[in-house]
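The values are calculated or read from the model by the stated rules, or taken from the named source; none is laboratory data. Everything numeric here is computed off the predicted structure, so don't read it as measured data. All Cβ positions, even for glycine, are placed from backbone atoms using ideal geometry, and neighbour counts span all protein chains on display. Only protein heavy atoms, including side chains, enter the accessible area calculation; ligands, DNA and RNA are left aside. Shrake-Rupley method; radii C 1.70, N 1.55, O 1.52, S 1.80 Å.
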Amino acid sequence: MGLDDIRRRISAAEQAAGRAAGSVTLIAVSKVQPAARVEAVLAAGHTDFGENYVQEAQGKWPGWRASHPGVKVHMIGPVQSNKAKPAVQLFDAIHTLDRMTLARKLAQQIDEQGRTPDLFVQVNTGDEPQKAGILTDELPGFLTSCHELGLSPQGLMCIPPEGQDPLPHFRLLRQLAQDHGLPNLSMGMSADFEAAIAEGATHVRVGSAIFGARDYGTAG
Ligand SMILES: *Cc1c(COP(=O)(O)O)cnc(C)c1O
């Protein structure tokens with residue numbers, strides 16, 4: 001299984017960067033993966049998983065949670081505003097707070113349900129027009145608005161532009177988090193998690209390198 005290998009590589013990257021052992025949380029991205037592959041990783045005692053679709057996660061995780069206490073499910077895909085209610089019910093962390101309409105809905109649900117997932121603000125570090133996320137120069141205002149709603153995001157998340165060197169994006173995200181006193185950095189995927197750890201990632205989101213390639217054709 002890829003899990004042991006990825007754990008070893010994370011430990012080595014922590015050490016190389018002079019960071020404490022265990023300072024990086026590995027989110028095993030289980031979207032669209034067959035149940036047997038996820039169950040093998042659960043059986044190995046892994047606790048943090050990532051999902052991209054509210055509906056898919058609703059179907060899978062209530063059962064697995066019941067049989068595996070201590071599991072945490074992270075939402076790393078876009079959240080439609082009309083899915084704020086199940087998102088707050090289901091997830092322990094939401095990495096994709098990316099607009100005011102969603103912030104308002106989440107604040108309302110957190111208030112109603114008395115349940116508060118950890119929040120990350122997704123930043124569009126490449127200022128890509130088609131991409132989700134808060135533009136870098138709009139981040140200070142967005143964080144202020146979040147606080148006014150009673151939300152306390154604890155970190156930032158980015159997905160660097162495809163086909164570009166991710167390093168400048170990791171560095172920018174780290175700088176922004178530091179500027180705003182936010183301790184958590186969700187960055188790095190299968191192809192670049194070691195570089196992200198060198199730049200301070202606290203949460204890496206690794207899917208295919210653990211579970212194998214995703215097959216959207218049959219499962220998704
Ligand atoms: C699917 C996904 C991942 C995992 O991607 P891999 O390349 O399989 O590691 C990480 N982050 C986000 C936001 C994703 O959607």
*Mind counting the residues in region 177-217 that are part of a helix (DSSP H, G or I) and buried (at least 16 other Cβ atoms within 10 Å of the Cβ)?*
10
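Provide a single number: the residues in region 61-77 that are touching a strand residue (DSSP E or B) at 6+ places or on another chain (Cβ under 6 Å) and surrounded by fewer than 18 Cβ atoms within 10 Å (Cβ to Cβ). Working first, answer last.
The initial filter retains those residues of region 61-77 that are touching a strand residue (DSSP E or B) at 6+ places or on another chain (Cβ under 6 Å), namely 61, 72-76.
Then drop every residue that is not surrounded by fewer than 18 Cβ atoms within 10 Å (Cβ to Cβ), which leaves 72.
Total satisfying the criteria: 1.
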*Out of region 186-220, which residues are of a type in the set (S, T, N, Q) and within 8 Å of the ligand (Cβ to nearest atom)?*
190, 208
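Can you spot a residue in region 34-42 that is open to solvent by less than 20 Å² (accessible area, probe 1.4 Å), within 16 Å of the chain's Cα centre (by Cα) and in contact (Cβ under 8 Å) with a residue 24 or more places away in the chain? Please lay out each step first, then the result.
Step one: list which residues in region 34-42 are open to solvent by less than 20 Å² (accessible area, probe 1.4 Å), which gives 38, 41-42.
From the residues that got through so far, the ones that are within 16 Å of the chain's Cα centre (by Cα) too are none.
Checking region 34-42: not a single residue is open to solvent by less than 20 Å² (accessible area, probe 1.4 Å), within 16 Å of the chain's Cα centre (by Cα) and in contact (Cβ under 8 Å) with a residue 24 or more places away in the chain.
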*With respect to residue 58, determine if the residue is without any contact (Cβ under 8 Å) to a residue 60 or more places away in the chain and out of contact with any strand residue (DSSP E or B) (no Cβ under 6 Å at 6 or more places or on another chain).*
yes
*Kindly indicate the residue of region 113-144 that is in contact with a helix residue (DSSP H, G or I) (Cβ under 8 Å, 6 or more places away or on another chain) and surrounded by fewer than 14 Cβ atoms within 10 Å (Cβ to Cβ) and also nearest to residue 178 (Cα to Cα) among those meeting that condition.*
127
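Is it the case that some residue within region 29-40 is closer than 20 Å to residue 188 by Cα and among the small types (Gly, Ala, Ser)? Step through it out loud before you land on a result.
The initial filter retains those residues of region 29-40 that are closer than 20 Å to residue 188 by Cα, namely 29-33.
Those left that are additionally among the small types (Gly, Ala, Ser): 30.
Yes, region 29-40 contains at least one residue that is closer than 20 Å to residue 188 by Cα and among the small types (Gly, Ala, Ser).
For region 8-27, enumerate the residues that are charged (D, E, K, R), over 16 Å from residue 208 (Cβ atoms) and in a helix (DSSP H, G or I).
From region 8-27, those charged (D, E, K, R) are 8-9, 14, 19; that's our starting set.
Narrowing further to those that are over 16 Å from residue 208 (Cβ atoms): 8, 14, 19.
Hits for region 8-27 are 8, 14.
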